[in-house]
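Worksheet: one structure, shown below.
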Amino acid sequence: MILGLYFLNFRMLMKRLKCLIVFLCFFPYLIWAQEANHIQADTTKKLQENTYQNLLDSLTQTIKKYGLEKQIMQKSLQEAETQKNLSLWGFIGAGISVLIVVFLIIRNVRQKDLLIEQQQTIEEQNHELQAQTEELRQQQEEIAAQRDDIIQKNKVLAEKNKLIQESIQVASLIQKALLAKTTNLQDYFRGFAILSKPKDIVSGDFYWVGRVQHTTIVVLVDSMGHGVPAAFISLTINMLLKEIVLIRKQISPDIILEELNNNLRQIIHHNGENSHNISADIAICSIQKTIGDSFCIDFAGARRPMLYVLNNEIMRFRGNRVSVSSDTTWEEHFENETIELSSKTRIFIFSDGLTDQNNKEGKKFGENQLIQILQKGISESIQNQIQNVERALLEHQGGCPQRDDILMVAIEL
């Protein structure tokens, strides 16, 4: 077995020795072959580099030649374009020059025509101005004549207006003399207050006081309209009241209203002609002292209410819904309202000029606002109550013109 191992190692050693001999024999050849390959590669590389350099030089020369030719061509084109532009601008300049010359010629001709037209227009205007001047002179003469006529008429109107105003002033004095005096109220009642604001010099609103035995009649009349016509109506009704109450001794408010209504119709229609309707809103209080400190009050109103104080509250009698009127097509009927009040109680009657007065927004003063003001001053004197009403009315009115006669009568029993 050991011999076998020696034999195996010997064989392996011989194989390695053969390989070494072969390598030593071929090694010089391998070195020569490698050197030959290096030499051939260097030669090939140099040939390629020379070829590339020649191609590059040829291409560079071609590019330079093409660039030079392109520059020459561009320069030729630029020169041709410049020549073309010069020719075009020359043509345009010549055309503009011709147009300018033509324009100047046309303008000169037009200016001459305009001058001729202006001269003709000026001559026509001169003729028109002369005609207008003559017409204006004639108008001035007419205006002067009309002015003198107006001045003369104004003088006549001023004189007539003065006479009318004087007549109205006299009529106002007569009206005041014929109507009730405040002394009558002082004789019959504990206290009173009057708010009177006529719209014009004479008024269609008035109050009347009369006494028959132990009964005092207080009447407030609001005649239709205002001014002189209403004043004549008030004088007529004043005359009728004296006849009905003082002569006929009639003390019931409803009957007084009915007789006023009938008598007014007779006066207006006595000649049988159809006249304009005449009417009046009237409030009548018949006041009679009863046992103790009590007063019995009968009230009838023709479209006028009566306010009174009961248990420190302002109460109201509304009255009837019809007026005293000369219109015969209506059959009016009036009714009394009766209440018993204690001493120091207050009653108020007033015309619709008070409650219908408007402010700048068109809102009326109103009966409810009047009641609120009276209620607020119920503990004050009767004069202060009426002053409060007047101040509130002026504040509500706010500078608006007064639309109707205003009258209010306040009585303390």
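State the dimensionless ratio Rg/Rh of the range 336-411 (Rg: radius of gyration of Cα atoms; Rh: Kirkwood radius).
1.01
Just the projected area, averaged over all directions, of the convex hull on the alpha carbon atoms of the range 48-152: how many nm²?
18.1 nm²
Which of rounded, prolate or oblate describes the range 238-375 when judged by the alpha-carbon gyration tensor and an a/c cut-off of 1.5?
It is oblate, given that a/c is not under 1.5 and a/b is not larger than b/c.
Return the subset of LYS197/LYS242; LYS249/LYS289; LYS197/LYS249 for which the Cα-Cα distance in this structure is over 28 Å, preserving the input order.
Beyond 28 Å between Cα atoms: LYS197/LYS249.
In whole angstrom, how far apart do the alpha carbon centroids of the range 311-354 and the range 247-267 sit?
First find each Cα centre; the distance between them is then 16 Å.
Measuring from centroid to centroid over Cα atoms, what is the spacing of the range 85-151 and the range 216-246 in Å?
Computed from Cα coordinates, the inter-centre distance equals 78 Å.
Please turn the phi angles of the range 233-239 into ³J(HN,Hα) values with the Karplus equation 6.51 cos²θ - 1.76 cosθ + 1.60 (θ = phi - 60°), one per residue in order, whole Hz, x for glycine and proline.
Going residue by residue, I get 4, 4, 5, 5, 5, 4, 5 Hz, with x marking Gly and Pro.
Can you list the residues, at least 5 places off or on another chain, whose amide H is less than 5 Å from the amide H of ASP327, using H built in the peptide plane?
Those lying under 5 Å, H to H, from ASP327 are ILE278.
What Kirkwood hydrodynamic radius, in Å, does the range 182-412 give when the mean of 1/r is taken over all pairs of distinct Cα atoms and then inverted?
Taking the inverse mean of 1/r over all distinct Cα pairs, the range 182-412 comes out at 18.1 Å.
Laboratory data are not the source of any read-out in this text; all were calculated from the coordinates shown. Everything numeric here is computed off the predicted structure, so don't read it as measured data.
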